[in-house]
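So the structure is just underneath, and the comments pick up after that.
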Amino acid sequence: MNINHKYLGSLVMNALLLVWSSNTIITAQETKVPKDKATSQYTADLKSRPEIDFDKIVFIKRYTYDSNHYYTEFINSNWKPGGNICILNLKDGTVNELAPELKDGIFERFDISFDAKKIVFAWKAGPNIGYRIYEINVDGTSLHQLTFPPLDEEELVKKYRITSQYHHGTDDMQPCYLPDGGIVFISTRCQYSVLCDGGDNFTTTVLYRMDADGKNMQKISNSSLSEASPSMLLDGRIMYTRWEYVDKGAVSVKGLWAIKPDGTASSEVYGNDISLPPTFIYGRAIPNAPNKYIMLGTPHCPQNGMGTVIRLDMTKSIRTRDPMTYMTPDVDIQAEAGFAFKTPEGKWQHDGSGTGRLFKDPYPLSENLFLVSHKPAGASWSDPKAYGLYLLNDKGDVDLVFSDPEISCWLPYPLKPRPKPPVLASTHNAELAEAKQAVCVVSDVYCGLEDVQRGTIKYIRVLEQIPRPWAARRRWGGDEYDQQHACISKDTHLALKVQHGIVPVEEDGSACFVVPSEANIFLQVLDENYMAVQTERTFVDYMPGETRSCIGCHEIPANVSRADDTSMVRKALKRKPSVPGPQPGETSGRRPLDYAHDVQPVWDKHCVKCHSGENSKSKLNLSGTLTALFNVSYENLVPERRKGKDNFDRNVLGPVIGENHPKTGNVHYLPAKSLGSHTSVLVAMLSNGKVKLKDSAQDERAKKLAGIHKEIKLSKEELLKVTNWIDTNCQYYGSYWGRKNLQFKDHPQFRPTPTFEMATSMTSLVPEEQR
């Protein structure tokens, strides 16, 4: 245990004090620590530090959560009621429990108002009741509830409850005061399921905001995966943790993002291509230290937001680990699961039980001193009583502030007024907002496209990642695959993708076009053959009426420009925004991406004569014969990754991203033409010389195969069906809906032909009893 020895004496005395108080501290509303136990000397040591310009600390008493993921404490942590929201007086050691009437529930997280007069917090009344948000004055008066169950809460529980452990109604958590008087929080009211959960018991939380009185609740983000820990930045934006994967490893990217309180202008702060730690959470701005933040690095599982404290310096390169400095250098996260602790000999030792020292809830007093919740080495990460309140310095030394031997203590926040950030103006186009649209402006697509010749980019393809709604939950078995509750693909991506169409790129590289709002939009830049040159492996969620601009295929948020700052001479800005439209062979740009209806007909027409049946001239069977969850050609083309060293890959599609394989890593930046049809032997073979592969051996292979298949002549439209499929990472199903396992082949909803309406619907288009 790494402790500053000059404080060892006071730590010992404080430990004696805690033993004395074990019989008095739990039930009393106010507990006074006797001064004959050297408390006065200890608090004097605290007050001697210039950063400690406050007399009180607000914190939570709560038994340690013991659920199995960093984000599932409200889903499968065991019911262990008790604790309170408390105020520690540093002058005399008294602890005041603010809401004794709530002692039989569980307190989650809280925030303090800017004038330090109120506290907003989340509280759970019972094991099968969701968290709700409350507010109380710092003197314990005026306790009142701000959020309530929706009117259909009982119906939600009845429809979607899977296990007795989780009610699967709604939860409102992690509130944070906004400068305009409102409150931002996370909630499950979006009714989305976590994508990598075959059992579909996990649920997604996204950002909501409401007025001070709980009215005018509004969803301001739309992630397919969980968001967490909103906090205010000094510039008036909200910083929060966003988990996402768009053709990336499913575990690694839980980075820090920022967003305006109206939901516009979301942008990455840090972590979108950092593999480990897989989770960055509890991010906060450091006072008097511009561009510096504190955060916690944690595993994905099996823990509830415990880990190592990391300081960020965002003046350093965002696409490296250089911004990160570990405040607790003996603790690290080096895998998806578990913790790593440095031994006295300097070697790293993996520990899934988390028996080394761990940290949570870092609150920066300066860039070198932090309040934290901390567990000394010895107990496991889930020990219900092991966490106390400590000071942590930038060398990793800790000093005990307060601990209760009967229950853990969390979220030490100074009780003092703090500067209120500015209220950011909310601007939007009313006409666009009415149509539930937004506008995207790209000033120059070639910015960031290294080794791509100017003039070769002709179009932008607009795509969307669709969250999986609770309504798509299966009440039958057999449709799961590789953690997908309603399978979409085989060993590629886990979320459904749909297409909105293409828009033109001007000669100067500019583009201006309409996109749907409140949708997770990502883009591809295309050449004259509609083949993807680069894919955006993240998404932007536009708010209604919003206009956003970027400088091409930028790599860092600093390259994003405001719409009114883009060069007004750019050609795309001299006309109305383009509306995404169809590609050759399409009747509408808005369509599902469905292998059986898009690609299989090409094989049926040109390939199955030789590539099917027992007498096939090749080992590659491209027939459309149905398999348990897909069809023969799809299973033969798409790599099999789940069998480890025995994995199967014919290496004809080019690199295909498996979001579950590997889960960690698989997030590094990929230059132009690293994915998709420009890397595909199959496309090069079928393209009649239009595609030349960078890999000379693969290019020769393609030429040889083209010679063997010289009689195969695909039309432009047919080739586009194949390249479109490969460029969007080889999705099989075009919808979450319908029964997919072959055992249901006689069911009316067996693999229905998807429509765009079906693909994007958050509710079933057929009555529930017909599903």
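Quick notes on this one:
- Across the accessible surface of the stretch 583-672, with the other protein chains kept in place and a 1.4 Å probe, carbon and sulfur atoms take up 51 percent.
- For the chain, the relative contact order is 11 percent, taking Cα pairs closer than 8 Å that sit 6 or more residues apart in sequence and dividing their mean separation by the residue count.
- Percent accessible area from carbon and sulfur atoms, the stretch 214-349, protein chains only, probe 1.4 Å: 49
- Rule-of-thumb Rg ratio for the stretch 693-771 [Cα; 2.2 N^0.38 Å; N residues]: 1.64
- Span-rule helices in the chain, defined as complete DSSP H runs reaching 15 Å or more along the axis (Cα) with Kyte mean at least -0.5: 8-21
- Per residue, the chain exposes 39 Å² of solvent-accessible protein surface, assessed with a 1.4 angstrom probe and all protein chains in place.
- Links that overshoot a 28 Å alpha carbon limit, given the list K619/K710; K248/K619; K47/K316: K248/K619; K47/K316
- Working note: Karplus 6.51/-1.76/1.60 with θ = phi - 60° gives the stretch 750-755 the couplings 6, 6, x, 5, x, 10 Hz, where Gly and Pro are set to x.
- Alpha carbon centroid spacing (whole Å) that separates the stretch 531-549 from the stretch 161-229: 23
- Surface composition of the stretch 39-165: carbon and sulfur make up 51 percent of the accessible area, probe 1.4 Å.
- Built amide H within the under 5 Å cut-off of Y459, gap 5+: V505, L526
- At 0.692 mPa s and 37 °C, Stokes D of the stretch 138-185 from Kirkwood alpha-carbon radius, µm² per second: 246
- Relative contact order, whole percent, for the stretch 187-237 stands at 33, derived from Cα pairs under 8 Å and 6 or more residues apart.
- The stretch 433-550 - Rg over Rh from alpha carbon coordinates, Kirkwood radius: 1.05
- Using only the C-alpha atoms, the convex hull of the stretch 250-366 corresponds to 120 Å³ per residue.
- When only Cα pairs below 8 angstrom with a gap of at least 6 residues are kept, the stretch 129-269 shows a relative contact order of 15 percent.
- Average projected area [Cα convex hull, the chain], square nanometres: 33.7
- The string of couplings for the stretch 679-695 from the Karplus curve (6.51, -1.76, 1.60, θ = phi - 60°) is 10, 9, 4, 4, 5, 4, 5, 8, 7, 6, x, 6, 10, 10, 7, 5, 6 Hz, one whole number per residue in order, with x for Gly and Pro.
- Two-site FRET efficiency, R642 against Q218, from Cβ-Cβ distance with R₀ of 41 Å, rounded to 0.05: 0.50
- Among 526-538, 450-462, the peptide with the highest mean count of other Cβ atoms within 10 Å heads the list, and the full ranking is 526-538, 450-462.
- Phi angles of the stretch 456-462 translate, via the Karplus equation with coefficients 6.51, -1.76, 1.60 and θ = phi - 60°, into HN-Hα couplings of 8, 8, 10, 9, 10, 9, 9 Hz per residue; Gly and Pro are given as x.
- Taking only the C-alpha atoms of the stretch 585-689, Rg followed by Dmax gives 15.5, 44 Å.
- S266 long-range amide H proximity, modeled H, under 5 Å: K260
- Evaluated at q = 0.10, 0.13, 0.16 Å⁻¹, the base-10 log of the normalised Debye intensity for the stretch 147-269, with identical point scatterers placed on the Cα atoms, takes the values -0.32, -0.54, -0.80.
- Separation of the stretch 111-126 and the stretch 359-403, taken as the distance between their Cα centroids, equals 22 angstrom.
- One quarter of the convex hull surface built on the alpha carbon atoms of the stretch 89-224 amounts to 9.8 nm², the projected area averaged over directions.
- Packing, taken as the mean count of other beta carbons within 10 Å per residue, orders the peptides 233-239, 692-698 from highest to lowest as 233-239, 692-698.
The values are calculated or read from the model by the stated rules, or taken from the named source; none is laboratory data. Every value quoted in this text rests on a predicted model; they were computed, and no experiment measured them. With ideal geometry, Cβ positions are generated from the backbone for all residues, glycine too; neighbour counts draw on all protein chains shown. Accessible surface areas use protein heavy atoms only, side chains included; no ligands, DNA or RNA. Shrake-Rupley method; radii C 1.70, N 1.55, O 1.52, S 1.80 Å.
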